[in-house]
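The values are calculated or read from the model by the stated rules, or taken from the named source; none is laboratory data. Computed from a predicted model, the values in this text were never measured in an experiment. A quick note on method: Cβ atoms are made from the backbone with ideal geometry, for glycine too, and the neighbour counts reach across all protein chains shown.
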Amino acid sequence: MHRAARAFWTVGPSTGEIRPVGLASVGPDDVLVRATHSGVSRGTERLVFEGRVPPGEYAAMRAPFQEGDFPWPVKYGYLSVGVVEEGPRELLGRSVFALHPHQTAYVVPVASVSVVPDDVPPERAVLTGTVETAVNALWDAAPRIGDRVAVVGAGMVGCCVARLLAGVPGSRVTLVDVDPTREAVASALGVGFAPAERARDLAGGCDLTVHTSATSAGLQLAVDLLGAEGQVLELSWYGDQEVTVSLGGSFHSGRLSIRASQVGAVAAARRPRRSPADRRALALELLRDPALDVLLTGRSDFDALPEVMGRLADGSLPAICHTITYDAEAPCSP
């Protein structure tokens, strides 16, 4: 290791710090990436920051370039965009996305980075992993022309899913959230909006619901909104939180179903014909959509990340996707 960078680590319950990290030499199949932006995946990263990853999920929840072990100290994150400074000639100076924790620079295999299209702004590109999750969700859900769909939870994932669903011909998509200010976000995404307390007006009328709020109340609402033979696609990850849902009422007689969807594997319906790289390439193409900029609700400098994570976790800093910016001119330290 001959150069150093700096990275964000969770070092205790709801406690983070910036630490120096060494960088390995750049091999023939590697790239050196200088970070320009990263995104905070608020739901999952909050659970990691608070130490709420269940021990039985420690292996499953490891990020691709994570260092340390749960609960802490751990270097975690997976929405990073940067510029290639060393590596194959065709990649030099290109903006790339990587599933890497928050870090000023890093050396990773060439196969681990995806080139960001020239017409996708780097800050918007931090949404790549989230749009990829939404692509997988639609492959799992298989929405049909003219479907009536409610997306319960207007966070990063829910909003990306709603935007993609809006492209299904004849669909009627309603974004549901407890925060009434998300109505403006829904409008920018081209979908309807219903505050949670009034969403039951949709009850029994949905062909499909997608749940992303990571709350029992949200999951119950997603079930209650379904019509006969309808399906809830569950995208929430609850960490160590217990979840309760009533399966009485029309759940049995209406032949309703709840199905989990998760980005760790390509959806079964496409797995024989699509690789994770294909899925990510599609997500990057979809990021040409400027409507997704409405999800970028704030930014902070990298050095402020320990404080920012604390405020995102306790709710004092409301955000859909909070982005982290890095010194564009700073080289890797020798």
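Some observations on this one:
- For the range 254-268, filtering for residues that are of a type outside the set (Ser, Thr, Tyr) and surrounded by 13 or more Cβ atoms within 10 Å (Cβ to Cβ) leaves 7.
- With respect to the conditions (1) touching a Cys at 6+ places or on another chain (Cβ under 6 Å); (2) more than 30 Å from Gly27 (Cβ to Cβ), Ala105 falls short on a single one, namely (2).
- Residues that are modelled with pLDDT under 95, surrounded by fewer than 17 Cβ atoms within 10 Å (Cβ to Cβ) and over 30 Å from Leu296 (Cβ atoms) are absent from the range 220-238 altogether.
- Here the condition is being at pLDDT 95 or above, under 25 Å from the mean Cα position of the chain (by Cα), charged (D, E, K, R) and part of a loop (DSSP other than H, G, I, E, B); of Asp179, Asp207, it holds for Asp179 alone.
- Scanning the range 223-277 for residues that are within 16 Å of Glu132 (Cα to Cα), without any contact (Cβ under 8 Å) to a residue 12 or more places away in the chain and not in a loop (DSSP other than H, G, I, E, B) yields one hit, Pro276.
- If you filter the range 22-39 down to residues that are touching a helix residue (DSSP H, G or I) at 6+ places or on another chain (Cβ under 6 Å) and under 23 Å from Leu296 (Cα atoms), you find that the one that is surrounded by the fewest Cβ atoms within 10 Å (Cβ to Cβ) is Thr36.
Listed here are the residues, each with its yes/no results for (1) crowded, with 24+ Cβ neighbours inside 10 Å; (2) more than 20 Å from the chain's Cα centre (by Cα).
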{"position": "Leu127", "(1), (2)": "yes, no"}
{"position": "Arg144", "(1), (2)": "no, yes"}
{"position": "Val149", "(1), (2)": "yes, yes"}
{"position": "Glu183", "(1), (2)": "no, yes"}
{"position": "Arg200", "(1), (2)": "no, yes"}
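- Among the candidates Ala283, Ala267, Ala228, Ala304, residue that is among the hydrophobic types (A, V, I, L, M, F, W, C), under 22 Å from Asp140 (Cα atoms) and out of contact with any Asp or Glu (no Cβ under 9 Å at 6 or more places or on another chain): Ala228
- From the list Gly39, Gly51, the lone residue that is in contact with a Leu (Cβ under 7 Å, 6 or more places away or on another chain) and either part of a loop (DSSP other than H, G, I, E, B) or within 24 Å of Thr133 (Cα to Cα) (or both) is Gly39.
- The range 88-123 - residue that is outside any loop (DSSP other than H, G, I, E, B) and touching a helix residue (DSSP H, G or I) at 6+ places or on another chain (Cβ under 6 Å) and, of those, surrounded by the fewest Cβ atoms within 10 Å (Cβ to Cβ): Ser114
- Residues in the range 278-296 that are in a strand (DSSP E or B) and either acidic (Asp, Glu) or over 15 Å from the mean Cα position of the chain (by Cα) (or both): none.
- Residue match in the range 211-219 (condition: modelled with pLDDT of 95 or more, surrounded by fewer than 17 Cβ atoms within 10 Å (Cβ to Cβ) and outside any loop (DSSP other than H, G, I, E, B)): yes
- Residue-level check: of (1) assigned to a helix (DSSP H, G or I); (2) in the same structural domain as Pro122 (by TED's automatic domain parsing); (3) in contact (Cβ under 8 Å) with a residue 40 or more places away in the chain, Arg299 misses just (1).
- Residue match in the range 55-75 (condition: within 29 Å of Leu295 (Cα to Cα), part of a loop (DSSP other than H, G, I, E, B) and of a type in the set (Gly, Ala, Ser)): yes
- Number of the exception - Asp69 against (1) in contact with a Cys (Cβ under 8 Å, 6 or more places away or on another chain); (2) of a type in the set (D, E, K, R); (3) under 19 Å from Pro306 (Cα atoms): (1)
- Qualifying residue in the range 41-58 (condition: farther than 16 Å from Trp237 by Cα and aromatic (Phe, Trp, Tyr)): no
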